[in-house]
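Colleague: Could you have a look at this structure, given as structure tokens, before my questions?
Throughout, read-outs are computed from the coordinates displayed, never taken from laboratory work. Since the model is a prediction, treat every value here as computed from it, not as a measurement. As a convention, Cβ positions derive from the backbone with ideal geometry for all residues, glycine included, and neighbour counts pool all protein chains shown.
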Amino acid sequence: MSSEAAAEVEAEAVEKQPHKLERKWTFWYDKPKQGAAWGSSLRKGYTFDTVEEFWCLYDQIFRPSKLPGNADFHLFRAGVEPKWEDPECASGGKWTVTSNNTKKADLDDMWLETLMALIGEQFDDANEICGVVANVRQKQDKLSLWTKTAANEALQMGIGRKWKEIIDVTDKIYYNFHDDSKRERSAKSRYNV
């Protein structure tokens, strides 16, 4: 076999290998039942660490427009549960953007752009990000980007500005501390961009 043919065979083998991500990610699903304890219906969906696995899962299952009403999809770093009580999330908070129910395509687009930014390590402070949640509701859908260190305002503002750019939103987005939200359901936001 000539050296050119060997190089071509080697290049084909490299192309067929899966494209590894920097870190593993886990999809979660939740359809809370009224009156049930929060988190009792939270289910781990699938953990992946390649680009190919991501696209297979996203295309087949994990799009907000495929969710029934009052359900949630989560994508969190592997080993982090989408709960305030998780040690990675306990001192954190979340940036939130809302979407009108008539624009499910917008929610799908923002969700996909966020997922690609997360798995593609597009945030300067990627280690600060725990994950993202898509909440599908009858009146208004929400997308929330969860972070680890709520009290670091400069860090959070940088993440908020970057996320706003990624999802191409012109309206203000707001940041709430998990601790505030635990104490009162309609806690005021601490930061906005």
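Colleague: Cross-link list LYS31/LYS162; LYS16/LYS44; LYS31/LYS83; LYS31/LYS164; LYS24/LYS94; LYS83/LYS148: which exceed 18 angstrom alpha carbon to alpha carbon?
Modeller: Working: LYS31/LYS162 30 Å; LYS16/LYS44 29 Å; LYS31/LYS83 14 Å; LYS31/LYS164 27 Å; LYS24/LYS94 21 Å; LYS83/LYS148 12 Å.
Correct reply: LYS31/LYS162; LYS16/LYS44; LYS31/LYS164; LYS24/LYS94.
Colleague: If you rank HIS74, HIS178, HIS19 by fewest surrounding Cβ atoms within 10 Å, what's the result? Could the numbers behind the result be given before it?
Modeller: Working: HIS74 25, HIS178 21, HIS19 11.
By the 10 Å Cβ count, ascending, the order reads HIS19, HIS178, HIS74.
Colleague: Just rank GLU85, GLU113, fewest to most, by other beta-carbon atoms within 10 angstrom. Could the numbers behind the result be given before it?
Modeller: Numbers: GLU85 11, GLU113 17.
Fewest-to-most ranking of GLU85, GLU113: GLU85, GLU113.
Colleague: For the residues SER99, SER91, what sequence is obtained by ranking on other C-beta atoms within 10 Å, fewest first? If you can, show how the numbers build up before the last one.
Modeller: Working: SER99 25, SER91 16.
The fewest-first ordering by Cβ neighbours comes to SER91, SER99.
Colleague: Quick test of the membrane-span-like rule: which DSSP H helices of the chain reach at least 24 Å along their long axis (C-alpha atoms) with mean Kyte hydropathy at least -0.5?
Modeller: Numbers: long enough: none.
Membrane-span-like by this rule: not one helix.
Colleague: Let me ask something else about it. Per residue, what volume in Å³ does the convex hull of the Cα atoms of segment 24-192 enclose?
Modeller: Working: hull volume 18.8 nm³, N = 169.
Convex hull of Cα atoms, per residue: 111 Å³.
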